[in-house]
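Just below is one structure, and these are the notes that go with it.
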Amino acid sequence: MQVGDQLSVERVSQEVKDPATGKVIRCLSSNIGIVRVVDVDAESSVAKVVSGSRFKASDMVKPVAK
């Protein structure tokens, strides 16, 4: 992470399971917002909300293509 990086916040919207085993074989996600990294140290980073709200600890982030 670097200060200024933008991340897409995504939430799993559907799990696709193998009908025979019940094992999750794919997770489909929906974009729920964007955050921008404002501070980084060796163990953590802090981001500011650019768009979206009501984020949860289980949400995932992915880099936004520059």
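The values are calculated or read from the model by the stated rules, or taken from the named source; none is laboratory data. Since the model is a prediction, treat every value here as computed from it, not as a measurement. Glycine gets a Cβ as well: all are built from the backbone with ideal geometry, and neighbour counts include every protein chain shown.
Selection of strands (runs of 3 or more DSSP E) fully inside the stretch 1-63 by the criterion of at least 2 residues being touching a Leu at 6+ places or on another chain (Cβ under 8 Å), free of Cβ contacts under 8 Å to residues at least 40 places away in the same chain and surrounded by 12 or more Cβ atoms within 10 Å (Cβ to Cβ) returns 24-40. The residue that is nearest to Asp5 (Cα to Cα), counting only those in the stretch 21-43 that are modelled with pLDDT under 95 and small (Gly, Ala, Ser), is Ala42.
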